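Colleague: Right, I'll just put the structure down here and ask away after.
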Amino acid sequence: MDDLLMIVPTRGRPDSIPAILQAWQDTGATADLLFAVDDDDPKLDGYLAHRATTDDTQVRWRIGPRLRLCGTLNAAALEVADQYRFLAFMGDDHRPRPATVPWDARFRECLSGGPGIVYGNDLLMGEKMPTAVAMTSDIVRTLGYFAPPALVHLCLDLCWLDWGRGMGRITYLPDVIVEHLHPANGKAAVDQGYEECNSPEQVSSDAAAYYDYRDKGGLDADLAKLRKLVEGAA
């Protein structure tokens with residue numbers, strides 16, 4: 001068992017599993033992987049087939065009720081927050097890429113000094129947004145979530161930026177590539193998942209939830225806890 005766990009909520013894309021596993025091999029990653037799958041996924045049989053044929057102690061599976069991306073991420077993170085020193089998130093459309101020093105080793109190095117957040121270059125948003133992210137698990141334990149539960153799919157990365165900057169404990173690694181294969185950069189076709197999470201209704205709902213969290217006390221309350229966490233670790 002490693003000290004870093006990458007949580008990958010996934011729905012409707014069982015074909016992404018072999019590619020992610022290959023990325024782990026290609027990068028020499030030792031981080032554990034947790035695929036979080038919905039039990040009502042129309043393509044659940046595809047995920048179960050991969051689970052049955054994946055004989056790797058690095059790989060874990062969570063199959064549970066659909067909670068959407070943020071809800072699933074939070075549920076999975078809280079279940080394992082006491083087992084790992086570091087927790088990470090990426091989508092099923094992210095792929096770590098090879099480098100001189102493996103991406104997960106760089107993440108551990110950045111987080112080993114105490115509470116904090118780190119992210120690499122997704123070749124889409126770059127430094128602007130941590131669309132894939134890692135943090136010390138004490139952040140999750142302190143707040144009770146990996147991302148504010150009022151969110152569904154979008155704006156989680158904005159919250160992680162707010163946390164990291166507010167704590168004064170965030171690092172961007174431009175040479176660590178965790179590529180985002182997304183329709184916005186022409187690296188993926190639009191499917192039902194993208195249509196759902198990027199619909200005008202979802203964009204409006206998550207944006208409103210984010211601004212409510214940021215501007216009406218939620219962020220301030222969380223930052224107070226996180227700054228106390230940093231002070232306690234000093």
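Colleague: Check Glu179: other-chain or 5+ apart residues with amide H under 5 Å from its amide H, H built from backbone geometry?
Modeller: Arg95, Arg97
Colleague: Now for a different question. Once fully extended, how much extra length lies between Glu109 and Val203, figured as 0.36 nm per residue of separation less the alpha-carbon to alpha-carbon distance?
Modeller: 30.4 nm
Colleague: Roughly speaking, what is the centre-to-centre gap between region 140-191 and region 120-134 when only Cα atoms are used, to the nearest Å?
Modeller: After rounding, the separation between the Cα centres reads 7 Å.
Colleague: While we're looking at this one, here's another question. Any idea which of Gly46, Ala81, Leu67 is furthest toward the positive side of the dipole for the chain, if Lys and Arg beta-carbons carry +1 and Asp and Glu beta-carbons -1?
Modeller: Ala81
Colleague: For Glu127, Glu179, what ranking results if the residue with the fewest other Cβ atoms within 10 Å of its Cβ goes first?
Modeller: Glu127, Glu179
Colleague: Determine the percent antiparallel among the DSSP beta bridges restricted to the chain, to the nearest 5.
Modeller: Given both bridge residues lie in the chain, the antiparallel proportion sits at roughly 30 percent.
Colleague: Pick the calculated P(r) over Cα pairs in 10 Å bins from 0, in percent for this structure from [x] 7, 28, 34, 19, 7, 3, 2, 0, 0; [y] 8, 34, 40, 17, 2; [z] 8, 32, 34, 18, 6, 2, 0?
Modeller: [y]
Colleague: Can you give the net charge of the other residues whose Cβ lies under 13 Å from the Cβ of Arg97, counting K and R as +1 and D and E as -1?
Modeller: -2
Colleague: Moving on to the next point. Taking only pairs that are 8 or more places apart or on different chains, how many Lys pairs in region 4-233 have Cα atoms under 23 angstrom apart?
Modeller: So the count works out to 4.
Colleague: Taking only C-alpha pairs under 8 Å that are 6+ residues apart, what is the relative contact order of the chain in percent?
Modeller: RCO, the chain: 21 percent.
Colleague: Rounded to the nearest 500 deg cm²/dmol, what is the calculated helix-only ellipticity per residue at 222 nm for the chain, with -39500 (n - 2.57) per DSSP H run of length n ≥ 4?
Modeller: Computed mean residue ellipticity for the chain: -13000 deg cm²/dmol.
Colleague: OK, next. In debye to the nearest 20, how big a dipole does region 4-233 give about its Cα centre with +1 on each Lys and Arg Cβ and -1 on each Asp and Glu Cβ?
Modeller: 600 debye
Colleague: Report the extension gain between Leu124 and Asp45 in nm, rounded to one decimal, defined as 0.36 nm multiplied by the number of residues separating them, less their alpha carbon distance.
Modeller: Stretched fully, the Leu124-Asp45 segment lengthens by 25.3 nm.
Colleague: Determine by what factor the alpha-carbon radius of gyration of region 118-175 differs from 2.2 N^0.38 Å, reporting the quotient.
Modeller: 1.09
Colleague: Quick one: if you stick a label point 7 Å off each Cα along the C-beta vector at Ile63 and Tyr211, how many nm between them?
Modeller: Going by the 7 Å Cα→Cβ label model, 4.2 nm.
Colleague: Count charges around Asp206 for me, please; just the other residues with Cβ under 14 Å from its Cβ, Lys/Arg as +1, Asp/Glu as -1.
Modeller: Once all neighbours under 14 Å are counted, the net charge is -2.
Colleague: For each of Lys187, Lys216, count neighbouring Cβ atoms within 10 Å of the residue's Cβ, then give the residues from fewest to most.
Modeller: Lys216, Lys187
Values quoted throughout were computed directly from the atomic coordinates according to the rules given, and no laboratory measurement underlies them. Since the structure is predicted, the reported quantities are computational estimates derived from the model, not experimental observations. Positions of Cβ are backbone-derived with ideal geometry, glycine not excepted, and every protein chain shown enters the neighbour counts.
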